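Here is the structure we will look at, set down as structure tokens.
The values are calculated or read from the model by the stated rules, or taken from the named source; none is laboratory data. As the structure is a computational prediction, the values presented were derived from the model and not from experiment. No Cβ is skipped: glycine too gets one built from the backbone with ideal geometry, and neighbour counts run over all protein chains shown.
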Amino acid sequence: MTTESDPTQSAPLVRALVFVTSWLCVLSGLYHISAVYLRPLPGEMHPNMHMLLAYSILLIGGAGAMPQIYGDKIRKLNFLPLLYLLSLIPAVIFYYFVYEMGEGWSDTSVWWVYALPFAIWIAMMVVEKSWLALLLWVLGFVPAPILFWYWGSLPESTHEPTSWWLLITCSAIPMMWTLFAIFFRPAEGVKKAGVFLLVFFIALILIGWRIGLWAGQSDEVRSVLSLWPVVVFAFPLFWAKRRIKEVFQEYPAHPFPAGFTIGLNAGMLFFVATACLYLFYYHEEMVDRPGAPTIGDARVGFVMLVVALELTRRCFGPPLPTLAVIAFTYGLWGNLFAAPFGHGGHTWIELQAKLSTDFIGGVLGFLVVISATFIIMFLILGAFLHESGAGRFFVNFALGLFGKMRAGAGLAAVGSSALMGTVSGSASGNVVTTGTFTIPLMKRIGLSPHIAGAAEAAASSGGQIMPPVMGAGAFIMSELIEVPYFHIIGYATIPAILYFTIVGINIHFAAGALNIQPLPSSEIPSWKEELKNGWFYLVPLAFLVYFLFEGRTPVFAGVMSVFIMVGIWFYRNVTEFLGTLRKGDKTIADDVFVFVPVTFWVFVFFLFALLSIFELGFGFSLGIYGEPTWSKSLLAALALGVIGFVLMSVFNRMFSWVGEFWREIERNWLAIFPLTFLGFWGVLGWTSGVAGLAIVLVLLCAWSIFRGNGAQPTTMIPWYFAFIWIGAYYVQKGIYVLLPAVANFGEWFVPFGFIYDGLIFFGLAVIVQRVIFSFGSQESEAEAPTPSLKQVLAVSCNPFTYLQRAKQTKETGPAVQAAQSASDWIFRIRDALRVGGRQGAEFAVTLATIEVVVQVLTITGVGNKFAYMIEALAQDICFFGAAAGGGCAYYIGLDGFFVALLLTAVCCAILGMGMPTTAAYVLLAILGGPVLIKLVGPELTHIYGVEWVKEFVADKGDRVAAHMFIFYFAILSAITPPVAIASLVGAKLAGAPYFKTSMMSLRFAIVGFIVPFLFMFDPALLTFAHPLRVALSASITLLGFIAFSAGAQGWLLERLHTYERFLLFVCFVTFILFVIFFSVTMLVTGLVCGGIPLIRQIRDYRRN
């Protein structure tokens, strides 16, 4: 029975929208996986498909997330929504193609086609009696005729196009957004905020009036400095905005009417989906006419831009879309600015084309290409890890390692965030994933809520700097500086280790200062048990690093890691199930049986690697490598057999469980031994060593049979399973060969041909299942304690149809349970694809919006001008005057290079306010990256000499250091007040004050704000030096931050005296100066200052 409080259960439309969105996300995930190597789309068509899926997922999914609108309210509209959708079809067609239909066709001649959807839109709100929404909707279009009336008085660069659709859209969107945000709420709230609203609009009008006066000045008189009144008016504007927000929190806005929401979302979906399809079919023609778009091209680009900005606002709030609008405005009217920030300006059509349909940037730029290739692969991998339970495993594993320590729960937050951060691209998402478990634990052991929230926020923010994935920004960095991604991983390793180590030490010292006691032993999981149950979560990450180390592309590494994740997940579930089917005495438990094949494969790999070392490294002739002649193969078999027997005997004496595992291996020889041979053959090819291994495995098979180990169900089922599915694959290939029309029909489904192939493939499996059902009796099998061979094979063909049949025949028992377990596993895969597809859609529109800003900065040249400004300000600042020979008197002052770094860090913090960290990094990389790259070389020349710097620049170290500096500060903007997203989420989970939590996060993450300055002056922290220098710099940096953490928290081994805290701060400063200048004096001073409190603490600790 459904209830009125749950509209998703009573509204078929809501369920349909949720269903469609879910499978669109799954389709997006499968498409992006298959598009890498199976059926890739050419040129810019793949990013376009990426955007089409993103638009559809977010618009349909947003509708499905509003059951209060699409529930019972929509029924009151009767047939009007359907009529509105039908009216959109001719409107969309004429909107894009009216000027291509020949003479006599124009917007004016078909005005009624455009007017019809608006009329039905109005009718829907009238039927609902949503008079306030209708009034605000109408008022939103009021500026359009005013703009059109005064169009001729605007600068000539804005005169194209004069089409009414652009005027209405440009004026109606911000106007309607403002009106609904303010007035669509209880009248009491509007009255209470009346004074603040008046101040807000007066300040806004004055700002607009002052900018208008400035724009009307002649080029000789106009100056940016004359805009100073705008800065003055901005203060009351922001004050009023904050007070309005406080008032409106008590009076939230009314839910939007169903008619209004349907009109808006359905209209955007129809127009933007058609725009993407337009790009598909006219792509080649548009490439041949760059810079000369048709009216249809212009309208396509405009719609894609507007919808991308709106969806970014829905996903991440208004800061980033607002910045994009400012950038677009600057691209249009930059000619109004004086040097150095002025430029020639652009027309609407020209700028819009460069941001969309010219395929050189904007919504189809390189950031969207990266999103459609690199980023979404790792989002899908992270989704698979998350949906399979990796988050809980990481928390429990870290808690098992550190739980017995004083701040065990806090250190578990650090460890789990570091592990989860390797595949997560969101600091706030990381906080939610791991903080859900760790923050309550930290509060339970006695940590204050703001400390618990701050610890999780600081640890989770560092997840994006932790190799091997490092979030989305690292892939963009690799493309920008043209350095292989695997090298970036290596450069980032030491700073990341320093970050997490110091954050953990900070939390540990804070727990000591608060006299926090460890968790009870009963609440601390065993890390060995957790590792035994969750080892497979680490395998995809290990293979990811392996593929990158081999020089594979990140896309290949991501795709293969996803496949390996699914394969290992499948292997674990299957072996646990097969363990329950074993007959006879079970020497090991069913849940341990999963390790039996793995243990044998690891042993054979270790044996093979050991003999390879002896042959290649020491010159012993063992026949492991070479042509597979009889003599070499027998020699390899003898070596493998003898050495393997000796090692097995030694291990058997050392570990009691080896004998039990070997008995299980003998019983399951039919699956384990052949799979071992196939694995080595597939990886190494047919060599003498593999042939020798085959001989040994054949002898082991014979020995197992001689010992009475026949064909167990656990060994027969995998071969039956392989026979069924491999047979279905080749039958499908045969059908394509014999019936070319069937194969050719799949071309109609490009780029989703995998759906067509999959339907045929799984359809053949269902036919096989029907054949299996026809053999034997069902009644005799239902009462068996374990599923029969026939039932297992039927389940493996298709668990869903098996469950459907069981429901019809009222079958129960272990076979149904096995089918239910298999179907649940498939549903979890679907959920992982759904989460990955949804996250990929959000990243797509966000990066498209960022790319709009980046492209404007590029075509206007403001990036170079910003770099020039920083370079001009990067001068030495002396506090006591300059010295006679250059530099500062008494060495007291700021180096010019340090000033440039400080300015860049401040810009990162400002741009990162409320903005995705990836967006902040990209913008600062475009703006500040060039100047830092230019300055780092001359600065390091003074320290290391010309020859070293030449080698450093040749290795692109200047690019790596500059972009890594920007990357760090962009990431840490998530915990930098006043807008610290990660700290905000942590504070909400902990129930703590936001600002207090944010300030404590800064204390915990202090290492992240200082280490970037250090590796700019000492690239040894990025491994650009001799290994001994790298080790020394990393060690001294670690000791320096330990001293700082102890001094800041007032605790080392026990509570510190005031003078000891002062000495530790001095120790920190001198160690940092040693890392920069490599001064022995600083090192000795730091050791003395740090040693005094340490010796006293050790003495008192032993005494007590």
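Okay, here's what the table says:
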{"quantity": "Some residue of region 1055-1078 being modelled with pLDDT under 90, surrounded by 22 or more Cβ atoms within 10 Å (Cβ to Cβ), hydrophobic (A, V, I, L, M, F, W, C) and not in a helix (DSSP H, G or I)", "calculated": "yes"}
{"quantity": "Some residue of region 189-205 being out of contact with any strand residue (DSSP E or B) (no Cβ under 6 Å at 6 or more places or on another chain), touching a residue at least 60 places away in the same chain (Cβ under 8 Å) and loosely packed, with under 14 Cβ neighbours inside 10 Å", "calculated": "no"}
{"quantity": "Selection count, region 75-122, where residues are without any contact (Cβ under 8 Å) to a residue 24 or more places away in the chain and of a type in the set (S, T, N, Q)", "calculated": "3"}
{"quantity": "Boolean, residue 499 is in a helix (DSSP H, G or I), among the aromatic types (Phe, Trp, Tyr) and under 30 Å from residue 968 (Cβ atoms)", "calculated": "yes"}
{"quantity": "Residue count, region 651-665 (criterion: surrounded by fewer than 19 Cβ atoms within 10 Å (Cβ to Cβ) and either among the acidic types (Asp, Glu) or modelled with pLDDT of 90 or more (or both))", "calculated": "1"}
{"quantity": "The listed residue being out of contact with any strand residue (DSSP E or B) (no Cβ under 8 Å at 6 or more places or on another chain), assigned to a loop (DSSP other than H, G, I, E, B), crowded, with 16+ Cβ neighbours inside 10 Å and small (Gly, Ala, Ser), out of 1046, 1025, 1020", "calculated": "1025"}
{"quantity": "Failed criterion for residue 654 (all others in (1) of a type in the set (A, V, I, L, M); (2) farther than 12 Å from residue 690 by Cα; (3) in contact with a helix residue (DSSP H, G or I) (Cβ under 6 Å, 6 or more places away or on another chain) hold)", "calculated": "(3)"}
{"quantity": "Qualifying positions in region 347-404 - under 22 Å from residue 334 (Cβ atoms), basic (Lys, Arg) and surrounded by fewer than 21 Cβ atoms within 10 Å (Cβ to Cβ)", "calculated": "none"}
{"quantity": "Region 107-127: number of residues that are over 20 Å from residue 257 (Cα atoms) and either surrounded by 14 or more Cβ atoms within 10 Å (Cβ to Cβ) or of a type in the set (Phe, Trp, Tyr) (or both)", "calculated": "6"}
{"quantity": "Candidates 593, 577, 570, 605, filtered to the one that is over 34 Å from the mean Cα position of the chain (by Cα), in contact (Cβ under 8 Å) with a residue 24 or more places away in the chain and closer than 26 Å to residue 661 by Cα", "calculated": "593"}
{"quantity": "Qualifying position, being in contact (Cβ under 8 Å) with a residue 60 or more places away in the chain, of a type in the set (S, T, N, Q), crowded, with 21+ Cβ neighbours inside 10 Å and under 30 Å from residue 966 (Cα atoms), among 1033, 998", "calculated": "998"}
{"quantity": "Residue under evaluation residue 420, criteria (1) over 28 Å from residue 553 (Cβ atoms); (2) aliphatic (A, V, I, L, M); (3) part of a helix (DSSP H, G or I); (4) at pLDDT below 80, criterion not met", "calculated": "(1)"}
{"quantity": "Enumeration of residues in region 341-399 that are at pLDDT below 80, within 30 Å of residue 527 (Cα to Cα) and either touching a strand residue (DSSP E or B) at 6+ places or on another chain (Cβ under 6 Å) or of a type in the set (D, E, K, R) (or both)", "calculated": "392"}
{"quantity": "Test: residue in region 519-530 that is surrounded by 17 or more Cβ atoms within 10 Å (Cβ to Cβ) and among the basic types (Lys, Arg)", "calculated": "no"}
{"quantity": "Odd one out for residue 714, checked against (1) over 15 Å from residue 600 (Cα atoms); (2) β-branched (Val, Ile, Thr); (3) at pLDDT 85 or above", "calculated": "(3)"}
{"quantity": "Pairs, first under 17 Å from residue 791 (Cβ atoms) and without any contact (Cβ under 8 Å) to a residue 24 or more places away in the chain in region 716-742, second loosely packed, with under 12 Cβ neighbours inside 10 Å and aliphatic (A, V, I, L, M), C-beta under 6 Å, six or more apart", "calculated": "none"}
{"quantity": "Exclusive hit being touching a helix residue (DSSP H, G or I) at 6+ places or on another chain (Cβ under 7 Å) and within 21 Å of residue 576 (Cα to Cα), set 736, 756, 720", "calculated": "720"}
{"quantity": "Filtered residue count, region 107-147, keeping only those that are under 11 Å from residue 172 (Cβ atoms) and not in a helix (DSSP H, G or I)", "calculated": "2"}
{"quantity": "Of all residues making up region 1079-1088, the number that are under 16 Å from residue 1041 (Cα atoms) and either touching a Cys at 6+ places or on another chain (Cβ under 6 Å) or surrounded by fewer than 19 Cβ atoms within 10 Å (Cβ to Cβ) (or both)", "calculated": "5"}
{"quantity": "Hits in region 479-502 (condition: at pLDDT below 85 and surrounded by 18 or more Cβ atoms within 10 Å (Cβ to Cβ))", "calculated": "485, 486"}
{"quantity": "Output for region 47-80, where each listed residue is polar (S, T, N, Q) and either within 30 Å of residue 31 (Cβ to Cβ) or touching a strand residue (DSSP E or B) at 6+ places or on another chain (Cβ under 6 Å) (or both)", "calculated": "48, 56"}
{"quantity": "Residue in region 71-88 that is more than 20 Å from residue 270 (Cα to Cα), of a type outside the set (A, V, I, L, M), modelled with pLDDT under 90 and more than 42 Å from the chain's Cα centre (by Cα) present", "calculated": "no"}
{"quantity": "Neighbours by Cβ (under 9 Å, 6+ apart or cross-chain): first from region 750-762, within 21 Å of residue 795 (Cβ to Cβ); second modelled with pLDDT of 85 or more and outside any helix (DSSP H, G or I)", "calculated": "762/798"}
{"quantity": "Any hit, region 226-239, residues being surrounded by 14 or more Cβ atoms within 10 Å (Cβ to Cβ), touching a residue at least 60 places away in the same chain (Cβ under 8 Å), in contact with a Lys or Arg (Cβ under 9 Å, 6 or more places away or on another chain) and not hydroxyl-bearing (Ser, Thr, Tyr)", "calculated": "no"}
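Yes/no matrix, rows are residues, columns are (1) under 22 Å from residue 269 (Cα atoms); (2) of a type in the set (Val, Ile, Thr); (3) under 32 Å from the mean Cα position of the chain (by Cα):
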residue: 287; (1), (2), (3): no, yes, yes
residue: 292; (1), (2), (3): no, no, no
residue: 296; (1), (2), (3): yes, no, no
residue: 300; (1), (2), (3): yes, yes, yes
residue: 306; (1), (2), (3): yes, yes, yes
residue: 313; (1), (2), (3): yes, no, yes
residue: 317; (1), (2), (3): yes, no, yes
residue: 328; (1), (2), (3): no, no, yes
residue: 335; (1), (2), (3): no, no, no
